[in-house]
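One structure is given below, encoded as structure tokens.
Quick note: the coordinates plus some simple rules give every number you see, no bench work behind them. Since the structure is predicted, the reported quantities are computational estimates derived from the model, not experimental observations. Glycine also receives a Cβ, built like all others from the backbone with ideal geometry; neighbour counts cover every protein chain displayed.
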Ligand code: GYE
């Protein structure tokens, strides 16, 4: 018994000394924040349960993005509960509520539009489930999400305008195929393009309509533009390659040559855009990387384990032209 008391005495004395050392600012002291976590309280990929709310399957970009997420979950052994929102915000909100009820560890979401997420994100926060925004931002308080992983869409819009200015030598009539109304990439690609265009008073946007990021809608809207403006159109700025491919079809049906009579610049850099450049029908594509699976799960694990992560992880992106499209196509992964 005495031995036990003596041992306890020594134990508390050590604790007391350690506390004094911490107070005195000695950085070798043991404090709760620098005690290494034991293996027991670190979550591993095999234990991680992730709810993922995807937008839909509107474009090649999106299907590659979905494939990247599903493949990486499988590689890592992560339990992934995947929900396809069919491009409807209400479906995404329902999916997030289901994930909360299922008590997943972390939620990944690619918000179809920017606004209207405050309540459901707050519900996740109240349940202690972190949200990671993937690909698209939501217009909410920074406290409601852990991080955003995705592109700088404003910069993509600026780059598209710079390329367009070169192609048109600073002069001409542009029609614009806008992405999904209210979505982060549509809002930012619209703004970035105009920011640079302001430096070129002789380049004008004569029409701007949404093609909802799909080939079918891009073709339909381009058909309307051609019926209205015909050969007055010098160029198309499409917020994604799929709409540009739709526009190419409409221009051919109208009897003009895409890429020659009407220049086309779009965004994403999908494989079909490389093929269109090889065929001389598309003049440039600005890269937007959908292969976000590996970075997403890396972040998800860090976030659930309480590691701090930056509020934005931007993707690195390039611009591609027809000159080396044939050489690059075999290397493209989406
Ligand atoms: O550019 C488009 C897709 O959010 C960046 O969504 C993404 C966009 C992409 O449908 O093709």
Requested in this report: Taking 7 Å along the Cα-to-C-beta vector as the label spot, tell me the residue 46-residue 202 distance in nanometres, rounded to one decimal.
Outcome: 6.7 nm
Query raised in the report: How do 65-72, 228-235 rank on mean C-beta neighbours within 10 Å, highest first?
Result: 65-72, 228-235
**Report entry** Mean Cβ count within 10 Å, highest first, over the residues of peptides 123-129, 149-155, 263-269, 205-211
**Finding:** 263-269, 149-155, 205-211, 123-129
Report summary line: Of all DSSP beta bridges with both partners in the chain, the antiparallel percent, nearest 5, is 5 percent
Report task. With the cut-off at 19 Å, report for the range 135-214 the share of all Cα pairs above it, as a whole percent. Result -> 41 percent
Report summary line: For 187-195, 312-320, 43-51, ranked highest to lowest by mean beta-carbon neighbours within 10 Å, the order is 187-195, 43-51, 312-320
**Report entry** Contour excess over end-to-end distance, with Cα ends at residue 90 and residue 271 and 0.36 nm allotted per residue
**Finding:** 62.0 nm
Query raised in the report: What area, in nm² and to one decimal, does the C-alpha convex hull of the range 201-249 cast on average over all directions?
Result: 3.3 nm²
Query raised in the report: When the Kirkwood hydrodynamic radius is evaluated over all pairs of different C-alpha atoms of the range 153-288, what value in angstrom, to one decimal, is obtained?
Result: 14.0 Å
**Report entry** Value of [θ]222 nm, deg cm²/dmol, for the chain, DSSP H segments ≥ 4, -39500 (n - 2.57) each, nearest 500
**Finding:** -13500 deg cm²/dmol
Report summary line: One finds, for residue 312 and residue 122 with R0 = 30 angstrom and r their Cβ-Cβ distance, a FRET efficiency to the nearest 0.05 of 0.90
Query raised in the report: So what's Rg/Rh here for the chain, counting alpha carbon atoms and using the Kirkwood radius for Rh?
Result: 1.15
